[in-house]
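A.B. asks: What follows is a single structure, and I will ask about it in a moment.
All of the numbers you see were taken from the coordinates with simple rules; none came from a lab. Predicted, not measured: the structure shown is a model, and the values here were computed from it. We place every Cβ from the backbone using ideal geometry, glycine too, and count neighbours over all the protein chains shown.
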Amino acid sequence: MKKAIYPGSFDPVTNGHLDIIERAARLFDVLVIGVLNNQSKTPLFTANERVTMLQEVTKHISNIEIYAFDGLLIDFCREQNAQVIVRGLRAVTDFEYELQLSQTNRVVDPDVDTVFFTTNLKYSYLSSSIVKEIAMYNGEIDAFVDPKVAQLIRQKMKENRS
Ligand code: ADP
């Protein structure tokens, strides 16, 4: 059984992430989405909120599991018995960091390989940070995220302002 892990912050999940999730879920028997609970970043949404959001927008895909994790990605892969890491590539700017990450992970565990999906052209400009920035200034975000996610972002921004 081929099991892959798609790790990321997903703070929040965008249509660009969803596109990668749908494509990767078609290639592997099980796709585990690993929500990184990163201590060094201050996220907009808690790891649990991000897991719930992902569950909400991936309901139509049956071979998906979603968990929050902290620590090393490679340890999470071992724990999950996954042989593949899935990452997305948007532009050259992603390449250097992603190459370094995948090579390091392969040195740490040669049994785990990284597979890259090139972004759907429609979403090549899209990132969670851009969505948050637009939302912060009350901009329109409905073209970038699922309507339910857009609603949660607006609500969170409102809470943060009060
Ligand atoms: P991280 O903090 O690990 O970069 P992100 O949630 O920002 O987490 O991204 C997770 C993965 O999804 C990364 O591999 C990133 O390159 C990819 N990704 C993010 N946005 C897009 C997009 N619009 N198109 C394709 N891949 C994307």
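A.B. asks: Only counting other Cβ atoms within 10 Å, I'd like Y137, Y67, Y125, Y6 sorted with the fewest neighbours first.
C.D. replies: The fewest-first ordering by Cβ neighbours comes to Y137, Y125, Y67, Y6.
A.B. asks: So how far apart, in nm, are the two label points at Q100 and L121 if each is 7 Å from Cα heading toward Cβ?
C.D. replies: Rounded to a tenth, the inter-label distance reads 3.1 nm.
A.B. asks: Choose one of Q151, G88, L27: the residue whose Cα lies farthest towards the positive end of the charge dipole of the chain (beta-carbon charges +1 Lys, Arg; -1 Asp, Glu; about the Cα centre).
C.D. replies: So the residue we want is Q151.
A.B. asks: Using helices alone, what [θ] at 222 nm do you get for the chain, with -39,500 (n - 2.57) per DSSP H run of 4 or more residues, divided over all residues and rounded to the nearest 500?
C.D. replies: That calculation yields -14000 deg cm²/dmol at 222 nm.
A.B. asks: Give me the angle, in degrees from 0 to 90, between the Cα long axis of helix 47-57 and the longest principal axis of the Cα atoms of the chain, rounded to the nearest 10.
C.D. replies: 90 degrees
A.B. asks: Okay, moving on. Test of understanding: what is the full-extension gain from T42 to N63, defined as 0.36 nm times their sequence separation minus their Cα-Cα distance?
C.D. replies: 4.5 nm
A.B. asks: Determine, from the Cβ-Cβ distance of D29 and D70 and an R0 of 30 Å, the FRET efficiency 1/(1 + (r/R0)^6), rounded to the nearest 0.05.
C.D. replies: 0.70
A.B. asks: K156 to Q55: extension gain in nm, 0.36 nm per residue of separation minus the Cα-Cα distance?
C.D. replies: 34.5 nm
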